[in-house]
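For reference, the structure discussed in these notes is given below.
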Amino acid sequence: MLDPKLIRSDLDAVVAALGRRGFVVDQARLGELEAQRRSLQAALETLQAERNSRSKAIGALMKQGDQAAAEAAKADVGRLKAELDAVEAQHREVAEAFEALLLQMPNLPAEAVPDGREESDNVEVGRWGTPRQFAFAPRDHVDLGHSLGGMDFEAATKLTGSRFVVLSGGLARLHRALAQYMLDLHTGSHGYEEVNVPVLVNSDSMQGTGQLPKFAEDSFQLTGEAGYWLAPTAEVPVTNLVRGALLAEESLPRAFVAHTLCFRSEAGSYGKDTRGMIRQHQFEKVELVHVTRPEDSWATFEALVGHAEAVLQGLELPYRKMLLCSRDLGFSSAQTIDLEVWLPAQDCYREISSCSNFLDFQARRMGTRFKEAGAKQTTLVHTLNGSGLAIGRTLVAVLENYQEADGRVRIPEVLKPYMGGLEVLKAGA
């Protein structure tokens, strides 16, 4: 959530910054609510002062023995309390309406974010590896998975519906190996604390990281009194571990890694990437989350991107780094770098990780602060997260980049220790 003080003191700057994202601020409504807030605040202060004055007078009148005047003053205090209660209720309503508007407003884009209207305006800022030159026409992961006998979309459709998959045999093991490799790399080499979190989350958690209220239709909500949501990403439960916390300065920074199921309804995306495992309703990710001091935020962002890159480099998968333009940024993000892996069958790079710095946007929604030694005031933390990586898409990339002309798929060197001696996937293996 944006800082209300910034909106009240420099609304023009906020309007201009959000205009880069294509977001139109309802200035008239904000102005109306702010005028109401100031009027009600003034009324509250006047009533409180009058009540305090009358309350003091009661004691003096009692000492003077003027019982009638004291009773009249008591009646006035009672009337003032009723007026105060009514004005306070109006004040709360206005504050809640103002906050509801703020909850709909995205984060301000950082200065480094390039202006742009769509994905094609994103800027390439780096590239690693050289795409393999095949002596044969590379097959896509669906054909490879079918020939290997371990990727079954029809069974998943029977069990659940479209955009699900059943993996078995060597492919199921490869999928598990990828998750284990990523977790071991991030905990062993990058210093992350591994956590295992619920994938059912409440509405406060969804609101804390910015999924609600804007993206309700993109998520799955369970029926029932609790109203739980299926987490669209581990970012939600992991970041909310610190929701409402006043953290000790010495506890920062915190770095978490979690492997979880993720669920997305993909509302509005039907007809896009319907073939295979690229865009599914249920998938798995290894997620990286940072909670840090504001002054360490951008250095942490650079490190976070590097940690996601390390997975791709270890797997020897070519990729490129894309700095997202202003209108392609996620709702809560101030700046995002996507990693796009090379997929030979599509002859293009496709997103496999998205790393974002949210600055204090999520922390303000969650109420997460820390207190510096000797400071009187508390300070909002900064939060960041990134995929390290999306496991299904990494499986797709391994299959397509490591395939052979006869349909076999070689196992990347770093995954062999997790594959129980398997060095090649082939039909029946």
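The values are calculated or read from the model by the stated rules, or taken from the named source; none is laboratory data. Given the structure is predicted, the values throughout are model-derived calculations rather than measurements. Every residue, glycine as well, gets a Cβ built from its backbone with ideal geometry; the counts of neighbours run over all protein chains shown. Note: areas computed on protein heavy atoms with side chains; ligands, DNA, RNA excluded. Shrake-Rupley method; radii C 1.70, N 1.55, O 1.52, S 1.80 Å.
Descriptive notes on the structure:
- For the range 1-35, filtered to residues that are in a helix (DSSP H, G or I) and open to solvent by 70 Å² or more (accessible area, probe 1.4 Å), the residue that is nearest to A110 (Cα to Cα) is D12.
Conditions tested, residue by residue: (1) basic (K, R); (2) closer than 20 Å to P106 by Cα; (3) open to solvent by 10 Å² or more (accessible area, probe 1.4 Å).
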residue	(1), (2), (3)
M277	no, no, yes
H281	no, no, yes
E287	no, no, no
S297	no, yes, no
A308	no, no, no
L323	no, yes, yes
G330	no, yes, yes
S333	no, yes, no
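- When the range 156-177 is filtered for residues that are more than 22 Å from G407 (Cα to Cα) and open to solvent by 30 Å² or more (accessible area, probe 1.4 Å), the ones remaining, listed by number, are T157, K158, L159, T160, S162, F164.
- Lone unmet requirement of (1) part of a loop (DSSP other than H, G, I, E, B); (2) touching a residue at least 24 places away in the same chain (Cβ under 8 Å) for G126: (1)
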